[in-house]
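Novice: Dropping a structure here in structure tokens format, bear with me for questions.
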Amino acid sequence: SARADIVTRLRAGMSGSPMPAMGFENPAEAWAVAATVESMVEPGVQERVAQTRHTIRVRRVKGDLPRAATSESWSQAEPAWLAVAPLWWRDDRIEGFVLRALHDGSAIALRLSWEDATKDDEILGQQTFPDSAALELTAEADPPLFTMGAKGEPVNIWQWKAAWELDLAGVRDIDAWRPATPPDFYGFVSSGDEAMYLTGRAVGNAQSAGERAIPGAVLVAEGFGTLAPLALPPQGFGVSGVWTDGFWDVVFTRAMRPR
């Protein structure tokens, strides 16, 4: 956020966002605007939200590998703050999350913790957007573009959705969200033919699954338009999330050398 960087951004704009390039007849005006913007940046903000690389050393746990956020074993992990940025800037964003990691020699556990004042775990309505999290992984020392990787540079994505936590006891239908919905919301269709009208489930869409063993999925991609779920999750893959007192804690686990 140096003043020269702000001037460059003002004059060049930001491709793919609502911010256009700005023209200044007098170059001094650009520097004056940049100085005003710079004065609005509070001390410490840059350090908290800057996107930087981290090397995280995963400690071997003493005892069982924790698979839940409530496990006391997490006290053995060193917390690391990782900043994130929304694709479309908004005031109600989260600035980042705390990552903790442990392994037991054969499997690894990653815990993501972030502050969220509201628990959004409903997905059945058209205007509902549940909380979710994902980790994008690559075997490359120099990672490909974070937006789904690139051709010949695949990425592996671990995904969790709060709404899928509700599905573990049994996948819900619209009457679970709107109990007053009449029982004939499928129209005049016999019970044996209802599956024909559940088109998402018929084509194997994970969002429409008839049953759910875990509230997450593993996907692969090699650039925009290539995102697809793995037919079978890797060995030992698991995920669970819990919201408590304004904080989400999500734990991913997976064997380090899956067969």
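The values are calculated or read from the model by the stated rules, or taken from the named source; none is laboratory data. If you're wondering where the values come from, they're calculated on a predicted model, not measured in any experiment. In this analysis, Cβ positions are derived from the backbone assuming ideal geometry, glycine residues included, and neighbour counts consider all displayed protein chains. We work out accessible area using only protein heavy atoms, side chains counted, and drop any ligands, DNA or RNA first. Shrake-Rupley method; radii C 1.70, N 1.55, O 1.52, S 1.80 Å.
Novice: Given a 1.4 angstrom probe, what's the average accessible area per residue across the chain, in square angstrom?
Specialist: That works out to 66 Å² for each residue.
Novice: Quick one, which of (1) 73, 54, 43; (2) 87, 49, 41; (3) 66, 46, 39 is the actual Cα extents along the principal axes in Å calculated for this model?
Specialist: Recomputing Cα extents along the principal axes in Å here gives the entry labelled (1).
Novice: Counting pairs of alpha carbon atoms under 8 Å apart in space and at least six apart in sequence, what relative contact order in percent does the chain give?
Specialist: 18 percent
Novice: How big is the charge dipole of the chain about its Cα centre, in debye rounded to the nearest 20, if each Lys and Arg gets +1 on its Cβ and each Asp and Glu gets -1 on its Cβ?
Specialist: Its charge dipole is roughly 960 debye.
Novice: Each residue of the stretch 248-253 in order: what ³J(HN,Hα) in whole Hz does its phi give by Karplus 6.51 cos²θ - 1.76 cosθ + 1.60, θ = phi - 60°, with x for Gly and Pro?
Specialist: With coefficients 6.51, -1.76 and 1.60, one gets 9, 10, 10, 10, 9, 9 Hz.
Novice: Counting only other residues whose beta carbon sits under 13 Å from that of residue 214, what net charge do I get with K and R as +1, D and E as -1? Mind showing how you got there, number by number?
Specialist: Working: positive: 67, 161, 212, 254; negative: 165, 167, 211.
With Lys, Arg at +1 and Asp, Glu at -1, the net is +1.
Novice: Amide H of residue 212 versus every other amide H placed in the peptide plane: which residues, excluding those fewer than 5 positions away on the same chain, fall under 5 Å?
Specialist: Placed amide hydrogens put 171 under 5 Å from residue 212.
Novice: List the lysines whose Cα sits under 28 Å from the Cα of residue 161, skipping any in the same chain fewer than 8 residues away.
Specialist: 119, 151
Novice: Which aspartates and glutamates have a Cα lying under 19 Å from the Cα of residue 62, excluding residues fewer than 8 positions away in the same chain?
Specialist: Result set, ordered by chain and number: 72, 78, 104.
Novice: Could you tell me what percent of the accessible area of the chain is made up of carbon and sulfur, with a 1.4 Å probe and every protein chain present?
Specialist: 54 percent
Novice: Would you work out the relative contact order for the stretch 116-178, in percent, from Cα pairs under 8 angstrom that are 6 or more residues apart?
Specialist: Reported as a whole number, the value is 40 percent.
Novice: Starting from the Cα of residue 84, move 7 Å in the Cα-to-Cβ direction to define the label point; list residues of the stretch 14-53 whose amide nitrogen is under 17 Å from there.
Specialist: 48-53
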